[in-house]
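**Q** The structure is given below, and queries will be raised subsequently.
None of the figures in this text is laboratory data; all of them are computed from the coordinates on show. These numbers were taken from a predicted model, which means no experiment stands behind them. So basically every Cβ, Gly included, is an ideal-geometry build from the backbone, and we count neighbours across all protein chains shown.
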Amino acid sequence: MKLSVPGRVTGAAVIAVAALLTTSAIADAAPARVAAAPDIPVANVKAHLTQLQSIATANGGNRAHGRAGYKASLDYVKAQLDAAGFTTTIQQFTASSRVGYNLIADWPGGDANQVVMAGSHLDSVTSGAGINDNGSGSAALLEAALTVSRTQYQPTKHLRFAWWGAEELGMIGSRNYVNGLTTANRAKISGYLNFDMIGSPNPGYFVYDDDPAIEKTLKDFYAGIGVATEIETEGDGRSDHAPFKSAGIPVGGVFTGASSTKSAAQAAKWGGTAGQSFDRCYHSSCDTTSNINDTALNRNSDALAYAVWELSE
Ligand code: DTR
Ligand code: ZN
Ligand code: ZN
């Protein structure tokens, strides 16, 4: 059963009430914003990471484009989404003479003319299991999608989740997806949220500085939990949001840092180790389940859900 959220009023009701009130009374009468977004259980996100690690271990140590570990990762994510009631689609493409796949999962319902998308690349590099890069984003996204199903969330807008292939070869999968959209379908995407590396072991809290409304939503979440953020600058446009942004779609996301070094000022505000990379195992064989900061993973899983819920209601 769909429960009505206390304090929520429709746009029409606001206009009707507003017509009867003075300007100052409107502000007083405005409903308190209800924090509808759920808390994402980080234990569940970590359980997905354990599965992705096992998949890599069983398939030559990686989950890279065109390798068995990638397809097994895709099958793992797809099976859970199918069981949870999503409509899943696999998009196949070829890159560097190997077959790759995107997985798209639509949550039935919502306004088909206003689509909120969230995505993560599911491929790793060949040198390791890719648990922070990008099991972290992929696992948080999966758990958020499963939470949509568990709570039977019925937003105003339509929700679409995506797991991209071949990001590590230059955002091939996501570019393929965007290029394959008709002009009309492209125009229906009201925003795209990207999650690539969100559990770095020596984390920073970086928010993409792209669409102002999406950026504000993510910053509001962090302000709410009392954690300082900085603008993401480590290779701006180096992930799957880039093709969306190039196509004129509003984008945003969060990131905990790759090979750049944490400064003394950053260590003072976030903790961790100054003079060390945010992720010392970036693109290497030590990017395993040990290469995750649980606090960062937890905060960013909740930030992801907050943005998906806030931007789709
Ligand atoms: N594209 C990433 C790493 C990366 C570097 N800068 C950023 C900024 C925002 C997100 C991700 C990144 C990789 O997969 O290697
Ligand atoms: Zn990478
Ligand atoms: Zn990545």
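**Q** Have a look at 174, 138 and point out the one that is within 16 Å of ligand 2 (Cβ to nearest atom), farther than 20 Å from residue 249 by Cα and surrounded by 24 or more Cβ atoms within 10 Å (Cβ to Cβ).
**A** 138
**Q** Counting just the residues of the range 107-136 that are of a type in the set (D, E, K, R) and under 23 Å from residue 42 (Cα atoms), which one comes out nearest to ligand 1 (Cβ to nearest atom)?
**A** Looking at residues that are of a type in the set (D, E, K, R) and under 23 Å from residue 42 (Cα atoms), I get 133.
**Q** Name the residues in the range 232-250 that are within 17 Å of the chain's Cα centre (by Cα), away from ligand 3 (no atom under 15 Å from the Cβ) and not in a loop (DSSP other than H, G, I, E, B), would you?
**A** Scanning the range 232-250 gives 244, 245.
**Q** Only one of these is over 19 Å from the mean Cα position of the chain (by Cα), of a type outside the set (D, E, K, R) and more than 16 Å from ligand 2 (Cβ to nearest atom): 99, 77, 148. Name it.
**A** Within the list 99, 77, 148, the selection yields 99.
**Q** Go through the range 259-298 and give me each residue that's among the basic types (Lys, Arg), away from ligand 3 (no atom under 16 Å from the Cβ) and assigned to a loop (DSSP other than H, G, I, E, B).
**A** Hit for the range 259-298 is 262, nothing else.
**Q** Quick check on this structure: which one of 177, 153 is farther than 20 Å from residue 300 by Cβ and hydroxyl-bearing (Ser, Thr, Tyr)?
**A** 177
**Q** Got a sec? Which of 149, 136 is assigned to a helix (DSSP H, G or I), closer than 24 Å to residue 84 by Cα, touching a Gly at 6+ places or on another chain (Cβ under 6 Å) and more than 16 Å from ligand 3 (Cβ to nearest atom)?
**A** None of the others qualify; the one that does is 149.
**Q** Scanning the range 254-313 for residues that are more than 16 Å from ligand 2 (Cβ to nearest atom), under 27 Å from residue 212 (Cβ atoms) and small (Gly, Ala, Ser), which turns out surrounded by the fewest Cβ atoms within 10 Å (Cβ to Cβ)?
**A** The residue in question is 265.
**Q** For the range 177-202, enumerate the residues that are within 16 Å of ligand 2 (Cβ to nearest atom) and part of a loop (DSSP other than H, G, I, E, B).
**A** 196, 197, 198, 199, 200, 201
**Q** When you check residue 154 against the structure, is it away from ligand 3 (no atom under 16 Å from the Cβ), in a strand (DSSP E or B) and farther than 30 Å from residue 287 by Cα, yes or no?
**A** no
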